[in-house]
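The values are calculated or read from the model by the stated rules, or taken from the named source; none is laboratory data. Quantities reported herein were computed from a predicted structural model and do not represent experimental measurements. All Cβ positions, even for glycine, are placed from backbone atoms using ideal geometry, and neighbour counts span all protein chains on display. Please note that ligands, DNA and RNA were not included when accessible areas were found on the heavy atoms of the full protein model with its side chains. Shrake-Rupley method; radii C 1.70, N 1.55, O 1.52, S 1.80 Å.
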Amino acid sequence: MERWRTGCGAGLVLGGVVTSAFGWRWVFALQTLAAVVIALAAVRCLPLGTQRHSRRLDLTGAGALVTAIILIVLSADMASRRGGGLTASVLIAAAVASGYLWWRRGRRHSGDAVLLDRSLLKVRGVRTAAVVASAFYFCVTGSLFLLPLYLQQVRGMSPASSGLAILPVSLAVAAAALLSGPLMKTRGPRPLLASGLLLTAGGVLLWCTAGAHSPYLGVVLVGLIVTGIGQGLAFPAITATGLRDVPDQTHGTASALTTTALQIGSGIGPTVLPASLSPWAQRATPRCRCPVTTSPTPRRPDSCSSSASRSPLAARRNKIVH
């Protein structure tokens, strides 16, 4: 999981470079191309494995569970939009119906293999890991979505520069993850999880104190490093908590449950946090008086009616130009 987080940090840098060079649409196009290439390579290179049982996969239950997850994320996106409350309510109701269908399918003794064994949810460690992972990634991914917007729209950085500016968080994650292994053996997952959550929250709090003219080498960089250390300590602890008291034959399913929970939080966080902080950002951004948006393209300073454009020097410059 720590490798995945390091890759996410590298993706922020690469995404910034691609956005600066070709535009933000190419980021999604390249992701699609990479997914196709990886799928073809997996079919060609990975071993087929052995079939342990002859039961069919419960496609109806699997489809209902996946549909419920998609509707939950989509409802959060609609709820963050103006006038989207009614649509979000309808989507939540549909998600509940899909979840109920999956729950009922799991109780049937039809002989089909279910996608998620409900008995895993009775294990306390699995429930704790799923809840913590979802909430943790809600905050972390949402914050990492907002920070490039701050660097681009408030500080005037290009997408490539903002991606490079966030790179220290990935380096800190990798360094802390190397230390988490020996500490896990001697201390256990609980102290690492508590320390990681506190450090991550402290790093995000440092970001919240950054203003329009705060130096990058100050609270921004320190916040990135502290947050990265917290993530590097918390991620392995979350995984270990989810696999605790779980039989060996169900480790894969338990790990997938934790990963699904964190992906749900990662999908909702960048949707809800920017929408909830947008009014505050418009009041707290002195550089640009035009509305702060979540567009991946940085706003040009000369497109905003800032206080600098109304200064005497700017007035004289405009008079000479006209």
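At a glance:
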read-out	value
Segments 196-202, 251-257, 149-155, 222-228 sorted - mean Cβ within 10 Å per residue, highest first	222-228, 149-155, 196-202, 251-257
Two-decimal Rg to Rh for region 155-213 - Kirkwood Rh, Cα set	1.11
Prolate/oblate/rounded label for region 101-254 (Cα gyration tensor, a/c 1.5)	prolate
Alpha-carbon Rg with Dmax, taken over region 196-271, Å	16.2, 54
Sorted peptide list for 238-250, 24-36, criterion being average Cβ within 10 angstrom, highest first	238-250, 24-36
Peptides ranked, highest mean first, by Cβ atoms within 10 Å: ranges 185-192, 210-217	185-192, 210-217
Solvent-accessible area, 1.4 Å probe, carbon plus sulfur percent, for region 114-267	70 percent
